[in-house]
Amino acid sequence: MKNDVTEDIYVCSLIQVDLDNFAYKVSTLDVNTNIEGNDINNIYKRGGAGNVVNAINNLLGIDIDYFIDLSVKKYKEMFDAMGNINYTVLSDIRYKDTSTYGFNIKIKEGDQNINGDTASKLMRYYLTEKRYDLVNEILLTSLSQQINPENYEKREKLFSRFIDSAATNITIKSFSEGDNGMRVLSSENTGANVYSAYPIYEDNNIISSSIDDIRGYFVK
């Protein structure tokens, strides 16, 4: 998820849909993560999402299949098209970002029904606090709740909207080949597991043991 104007990345996350174990796995990286002398944000600005994929593959020793590159505006619209989610906020948040493209968020502790605007702001806020685990939780909650029978029935319409909204290497062929997996994961009887892996840093470098931990989740 990136700034609509400056092309700065706000959120950079790895997501795996594991159809063998019916599980969702998420790991969110800091956009200032150092990879061979450059950071993720600058790698993106110079070469786009494809270059970020290559850099993360090299860092973690994995093989990422697809990328999804969405502006904040398009992320919110896609989220809303799939429906609000129920999410538990751990403490009251009242935050004002005074930067040029800043945001304000005010939300109470407890169970909340959140839309795309709130989800995007919560993730950006949690990243200012270096709470990568909580960004993971929002993404895992959206996967668990928005991949559902109702959206499966609307999948062609939603996919068409997604293709119009995102820069991605996901194709119609990829979408068609994944239909059976989507059907199973969307079933109310499946009960997918969720796994969260988050980086531990020294300055802007992920420590080696943390790289090993993340690789363990995403090496498939």
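The values are calculated or read from the model by the stated rules, or taken from the named source; none is laboratory data. Just so we're clear, the structure is a prediction, and the values are computed from it rather than from any experiment. No Cβ is skipped: glycine too gets one built from the backbone with ideal geometry, and neighbour counts run over all protein chains shown.
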For segment 44-68, give me each residue that is over 13 Å from LYS2 (Cα atoms), without any contact (Cβ under 8 Å) to a residue 40 or more places away in the chain and not in a loop (DSSP other than H, G, I, E, B). ARG46, GLY47, ASN51, VAL53, ASN54, ALA55, ASN57, ASN58
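Just checking: which of the helices (runs of 4 or more DSSP H) contained wholly in segment 74-188 hold 1 or more residues that are surrounded by 11 or more Cβ atoms within 10 Å (Cβ to Cβ) and of a type in the set (Gly, Ala, Ser)? Break it down stepwise before answering.
Working: elements: 116-128, 132-146, 149-153, 155-165, 172-177, 179-186.
Ranges flagged: 116-128, 132-146, 155-165, 172-177, 179-186.
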In segment 189-208, residue farthest from SER13 (Cα to Cα) [restricted to those that are assigned to a loop (DSSP other than H, G, I, E, B) and hydroxyl-bearing (Ser, Thr, Tyr)]: THR190
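Identify all residues within segment 9-24 that are out of contact with any Leu (no Cβ under 8 Å at 6 or more places or on another chain) and either at pLDDT 95 or above or part of a strand (DSSP E or B) (or both); write none if there are none.
Taking segment 9-24 first, the residues out of contact with any Leu (no Cβ under 8 Å at 6 or more places or on another chain) are 9, 16, 18, 20-21, 23.
Selection gives ILE9, GLN16, ASP18, ALA23.
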Tally, over segment 123-132, of residues that are closer than 14 Å to VAL89 by Cα and out of contact with any Phe, Trp or Tyr (no Cβ under 8 Å at 6 or more places or on another chain): 1
Going by the structure shown, is LYS96 basic (Lys, Arg) and either under 24 Å from ASP69 (Cβ atoms) or touching a residue at least 24 places away in the same chain (Cβ under 8 Å) (or both)? no
Under 7 Å between Cβ atoms, which residue pairs at least 6 apart in sequence (or on different chains) link something in segment 69-82 that is touching a residue at least 12 places away in the same chain (Cβ under 8 Å) with a partner that is among the basic types (Lys, Arg) and part of a helix (DSSP H, G or I)? MET78/ARG161; ALA81/ARG161
Provide a single number: the residues in segment 129-158 that are acidic (Asp, Glu) and under 14 Å from the mean Cα position of the chain (by Cα). 2
